[in-house]
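Please read the structure below before turning to the comments.
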Amino acid sequence: MAVSYQLRKYYFKGVVFKVMMGLWDAGTEATPKEIHNYLKHEFLPVWIVNEDNWTYEREDGSTRELTNKEFIQYIERIQRWAAEYLNIYIHDPNEWNQVNYESTELNNLTEKL
């Protein structure tokens, strides 16, 4: 079963956006697409066995193939990393307030562009 629309909306507006702002504050600018790809690479690896030489190859996973439960686990890994390395707090889906992000941080973002 695919990830719900509301959870995907939270991910892009509440998680990817917060990581992007944290990286910008640290001096690294990246687009939302670049952030999303980085997060998939770091926190959603898929290991494939090469049966010719029995080695493992790492590929980026797909958020589209996750269930809601798997997607929340993926987000939790991102939240822990963001708290430790970017010193930012990413709200849980049940406490996230889209209006707050749109009215304050998105306005700040547009001023930086």
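Every number here is computed from the coordinates shown, using simple stated rules; none is lab data. Being a predicted model, the structure only gives us computed values, none of them experimental.
Between segment 38-99 and segment 7-35, how far is it from one alpha carbon centroid to the other, in angstrom? Here the answer is 14 Å between Cα centres.
A full extension of the chain between Glu34 and Glu51 corresponds to an added length of 3.0 nm, given 0.36 nm per residue minus the alpha carbon distance. The string of couplings for segment 6-20 from the Karplus curve (6.51, -1.76, 1.60, θ = phi - 60°) is 5, 6, 5, 4, 4, 4, 6, 8, x, 9, 4, 4, 5, 5, 4 Hz, one whole number per residue in order, with x for Gly and Pro.
Computed over Cα pairs, the Kirkwood radius of segment 1-92 leads via Stokes-Einstein (1.306 mPa s, 10 °C) to a diffusion coefficient of 113 µm² per second. Listed by chain and number, the aspartates and glutamates whose alpha-carbon sits under 13 Å from that of Lys13, ignoring those within fewer than 8 places in the same chain, are Asp92, Glu102, Glu105.
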